[in-house]
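Enquirer: Sharing a structure, written as C-alpha cells. Questions coming.
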Amino acid sequence: MTGIGDRQRRLLISTQRDEGNQVRFLVQDVGIGFGAGDAERLFEAFYSTKNDGMGIGLSVSQSIIDAHKGRLWATPNNGPGATVCFSVPGYAGNEAYPSNVAHVDVNPAQNSARTS
C-alpha cells in the first residue's frame, strides 16, 4: 500500500476456525489489488504485480502451506485491494480455537494496532 495516497491505508488480519477443523488466516488490504489476468499467476515464482517486487513471497508461502496440507488463495476485494487467505488443518487435540482480528491503520505519521 506504499503508493496509496487517496484513501486511508488499512490492513485487516484475522484468524478463525474453518470448516473441517481447519484454521484460516486472512489478510485484507485496501491497496492496488490485482487484475483478472494476475490472479492465475500470483503464486508463480518470480511473478510480481509490484514494479520493485521479487515475486517469491507468495510462491514460497504456497510451498510451505502445501507441505502442511493446507491451501493458499487470493481474491480481489469488491472495493480497492485484495484478500489473501490460507487454511491449514487444526491441531486435533484442541477443540477451542479463538477467532482473532487485528486492525492495523497504516499511516506514515502514526502506526497503531488493536485487536477485537
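The values are calculated or read from the model by the stated rules, or taken from the named source; none is laboratory data. In this text, all values refer to a predicted model and were calculated from it rather than measured experimentally. Methodologically, a virtual Cβ is constructed for each residue, glycine included, from the backbone with ideal geometry; neighbour enumeration extends over all protein chains shown.
Enquirer: If Val88 satisfies every condition in (1) under 17 Å from Asp29 (Cα atoms); (2) modelled with pLDDT of 90 or more but one, which is the exception?
Expert: Val88 satisfies every listed condition except (1).
Enquirer: Which residues, taken from region 45-77, are among the charged types (D, E, K, R) and under 30 Å from Asn21 (Cβ atoms)?
Expert: Hits for region 45-77 are Asp66, Lys69, Arg71.
Enquirer: Checking the conditions here, which among Gly33, Gly3, Gly20, Gly37 is surrounded by fewer than 13 Cβ atoms within 10 Å (Cβ to Cβ) and in a loop (DSSP other than H, G, I, E, B)?
Expert: Gly3
Quick grid of which residues meet (1) among the small types (Gly, Ala, Ser); (2) free of Cβ contacts under 8 Å to residues at least 60 places away in the same chain:
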| position | (1), (2) |
| --- | --- |
| Met1 | no, no |
| Leu12 | no, no |
| Thr15 | no, no |
| Asp29 | no, yes |
| Gly33 | yes, yes |
| Ala39 | yes, yes |
| Phe43 | no, yes |
| Thr49 | no, yes |
| Gly57 | yes, yes |
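Enquirer: So, Ala74, is that one among the aliphatic types (A, V, I, L, M) and in a loop (DSSP other than H, G, I, E, B) or not?
Expert: no
Enquirer: Is there any pair linking a residue in region 67-80 that is surrounded by fewer than 15 Cβ atoms within 10 Å (Cβ to Cβ) to one that is among the polar types (S, T, N, Q) and assigned to a loop (DSSP other than H, G, I, E, B), with Cβ under 8 Å and at least six apart or on different chains, and which?
Expert: Here the result reads none, with nothing in region 67-80 linked to a residue that is among the polar types (S, T, N, Q) and assigned to a loop (DSSP other than H, G, I, E, B).
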